[in-house]
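The values are calculated or read from the model by the stated rules, or taken from the named source; none is laboratory data. These figures come from a predicted structure and were not determined experimentally. All Cβ positions, glycine included, derive from the backbone under ideal geometry; neighbour counts span all protein chains shown. Only protein heavy atoms, including side chains, enter the accessible area calculation; ligands, DNA and RNA are left aside. Shrake-Rupley method; radii C 1.70, N 1.55, O 1.52, S 1.80 Å.
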Amino acid sequence: LPYLIDGPTKLTQSNAILRYIARKHNMCEWGVPAPGGGPRGFVGGGLTPPHPVGGETEEEKQRVDMLENHLMDLRMSFARVCYNPDFEKLKPAYLEQLPKKLQELSRFLGSRPWFAGQKITFVDFLAYDVLDQQRMFVPECPELKGNLAQFLQRFEALDKVSAYMRSGRFMKTPIFWRTAKWCNTK
């Protein structure tokens, strides 16, 4: 079970952790605690105004919302296959539908550097995780070339991400618990 302890904050669940970190670093449309703020809401009430990096326009915010759910659907369908005792029987059907799903993501990204637009948002972290897992599962997948490959490279080149990936703390695997039939060990 993924968990995060950040001072008094204790969280479980991947997306709750992702959103918490995104809010903390102004990468989500929701406000973040303001220094010396009060207990209610925005400026003067404890939170800074919403930061636009979760999507500056309504269209970008909608893109973030749609992609988050699309990626979770892909993640869950992949996990269902990987945890199924009939993994080897289910794998061909999963591989058959994967190109279409990746083509949809490629079209959605288009020529943008990040999925919502010109600025990175929390959903790009989720996209990286899901796409990287697919790249590990099918290393020679042609749909993971082109703009999706560029996205993965751009994400990995972010200063802090790159530094983390070079550190001794980074673990590429395992992705799943040991009960999974794929990528369940270091």
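Here are a few things to note about the model shown:
- For segment 91-186, the list of GluC sites (Glu not before Pro) that fall in a loop by DSSP and count at most 12 other C-beta atoms within 10 angstrom reads E140.
- Loop-located chymotrypsin sites (Phe, Trp or Tyr not before Pro) in segment 92-186 (DSSP state other than H, G, I, E, B) with a sparse environment of at most 11 neighbouring Cβ atoms within 10 Å: F170, W177.
- Straight-distance candidates among the lysines for linking to K160, with alpha-carbon spacing under 18 Å and chain neighbours fewer than 8 residues away dropped: K24, K119, K172.
- Note on segment 58-166: with neighbouring protein chains present and a 1.4 Å probe, carbon and sulfur make up 53 percent of its accessible heavy-atom surface.
- Gyration tensor verdict on segment 103-186 (Cα atoms; rounded if a/c is under 1.5, prolate if a/b is larger than b/c, oblate otherwise): oblate
- In plain terms, the chain from H25 to N69 could stretch by 13.7 nm, reckoned as 0.36 nm per residue minus the Cα-Cα distance.
- 5 Å binning of all Cα-Cα separations within segment 58-166, expressed as whole percents from 0 upward: 2, 11, 22, 24, 19, 12, 7, 2, 0
- Cβ-derived FRET efficiency at R0 41 Å, E140 paired with Q13, nearest 0.05: 0.80
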